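Trainee: Okay, here's the structure, questions in a sec.
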Amino acid sequence: MTLEGKIALVAGATRGGGRGIAVELGAAGATVYVTGRTTRQQQSEYKRPETIEETADIVTSLGGKGIAVQVDHLQPAEVAALVTRIRREQGRLDILVNDVWGGENLFEWEKSVWEHNLENGLRLLRLGIDTHLITAHYALPLMIEKPGGLLVEVTDGTAEYNATHYRISPFYDLTKVGANRMAWAHAKDLAPHGATSVSITPGWMRSEMMLEHFQATEENWLEGTKVQPHFVISESPRFVGRAVAALAADPDKARWNGQSLSSGELAQVYGFTDLDGSRPDCWRYMREVMEANKPADVTGYR
C-alpha cells in the first residue's frame, strides 16, 4: 500500500484520531497538511501539551512529509488561506479528512436539552458540524479538480449504531449523527466528479485524554482494565489511521461512497491490524458483550 505523491489535509490532527490518521497517511508516503489550534507557541483552551508540529514531525519520521499549519476551522478566512496555500504549494488535494472536534470538555452526560449548559452545547455543535462544513466548502473544489479524491468525515458511532442509541446528550447525539449524514450527502455531490465520501468511526479509542482518564499509557494500556474491564476492547488511534490509509490507497474506493464505516469493519476487509497485531471489533463487542451485561472477554472480538 502506497500513497506516495498523494496530498492529504487532516483537519484537526493535533491529537487523538486526527493524529493517528495523519501519521498513518504519512507512513504510507503521503504529504500531510496537519492542522489544529495548538502549536508549540500557543495553546487552545484545552491546555494540553500535544501540538500540530509534534504530529507533523511523526508523519515525517515515518516516511511521509508533515506540514503543520495553525488553523481555527471555525474561521472561514483561515480555512480559505490554508486551501490557497495547498493549491500554491502542491497544485492538488487528494485526501481530505474532517476530524475537527474539540468538544470533550463541553458535553454533559445524560443531560436533557433543558438541563445541559446551552452555551457549551451550541459550541459543541459548531465545533463538530460547522467546522466540517466550512472546511469542505473551501477544500473540496480543489480536491475534485482531479478524479479519485477521498473525503472522510470522522465521527463517533456508525450510522446503524447511532440510529438506535442515545449518544450522551441531544447536542452530542446530533453532532455525531450529523457527521454520518454529512458524508452521505457529500457523496451525492462528489460522485459525478469521480470522488468518494465516507464517514468513519474508531472504536473505543485510546486517545491521550482517554489514557489519562484510565491512568495508563499506550505502552501499558491494559492497566486501564483495572478501572474498566471492558477497556480490553480499546484500540490505538493508529488503528483508525490505518483504516483511512487503506481506503485512500484502494483503487476501488468508490464502492464505499456514502457509507458509514468503522475501523474494525475495514480491518476485516483490508487485513490491517492495530499496533499489537490484533483487529479489535469494538462496535460488535459493545452490542454483544457490554450491552448484554456479559463479563469482559474479547475472545472472537480482536
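Where a number appears in this text, it was derived from the coordinates with a stated rule and is not lab data. Given the structure is predicted, the values throughout are model-derived calculations rather than measurements. We place every Cβ from the backbone using ideal geometry, glycine too, and count neighbours over all the protein chains shown.
Trainee: Give the angle, between 0 and 90 degrees and rounded to the nearest 10, that separates the Cα long axis of helix 131-143 from the longest principal axis of the Cα atoms of the chain.
Mentor: 40 degrees
Trainee: Could you work out the local net charge near Ala27, counting Lys and Arg as +1, Asp and Glu as -1, over the other residues with Cβ closer than 15 Å to its Cβ?
Mentor: +1
Trainee: Can you find, among His73, Leu118, Ile95, the residue sitting farthest towards the positive end of the charge dipole of the stretch 59-141, where Lys and Arg contribute +1 and Asp and Glu -1 at Cβ?
Mentor: Projecting each Cα onto the dipole axis, the largest value belongs to Ile95.
Trainee: Which ordering of Ser197, Ser262 is given by a fewest-first count of other beta-carbon atoms within 10 Å?
Mentor: Ser262, Ser197
Trainee: Please list, in chain and number order, the residues 5+ apart from Thr217 or on another chain whose amide H is under 5 Å from its amide H, with Hs placed from the backbone.
Mentor: Those qualifying (amide H under 5 Å, at least 5 residues apart or on another chain) number zero.
Trainee: A follow-up question, please. Need the list of lysines near Lys111 for cross-linking: C-alpha distance under 20 angstrom, and skip anything on the same chain fewer than eight residues off.
Mentor: Lys176
Trainee: Rg to Rh ratio, the chain, alpha-carbon atoms and Kirkwood radius?
Mentor: Checking Rg against Rh, the ratio lands at 0.94.
Trainee: Right, something else. For Lys226, give me every one of the lysines with a C-alpha distance below 25 angstrom, ignoring sequence neighbours fewer than eight places off in its own chain.
Mentor: The reachable lysines, counting only those whose Cα sits under 25 Å from Lys226, are Lys294.
Trainee: How would you rank 198-206, 164-172, highest first, on the average number of other Cβ atoms within 10 Å across their residues?
Mentor: 198-206, 164-172
Trainee: I want the local charge near Met209. Using Cβ-Cβ distances under 10 Å, sum +1 for each Lys or Arg and -1 for each Asp or Glu among the other residues.
Mentor: Once all neighbours under 10 Å are counted, the net charge is -1.
Trainee: Still on this structure: Mind listing the long-range amide H neighbours of Ile200? Cut-off is under 5 Å, sequence gap 5 or more, other chains count too, H placed in the peptide plane at 1.01 Å from N.
Mentor: HN-HN under 5 Å from Ile200: Glu153, Val154, Thr155, Leu261.
Trainee: Moving on to the next point. Given 0.36 nm per residue, what is the gain on full extension from Glu115 to Thr299 after removing their alpha carbon distance, in nm?
Mentor: My answer for the length gained is 62.2 nm.
Trainee: For the stretch 156-293, just the Cα set please: Rg and Dmax, both in angstrom.
Mentor: In order Rg, Dmax, the Cα atoms of the stretch 156-293 give 15.8, 51 Å.
Trainee: Rounded to whole Hz and in sequence order, give me ³J(HN,Hα) for the stretch 252-263 from the Karplus expression 6.51 cos²θ - 1.76 cosθ + 1.60, θ = phi - 60°, writing x for Gly and Pro.
Mentor: Couplings: 10, 4, 4, 5, 8, 3, x, 8, 9, 10, 10, 4 Hz.
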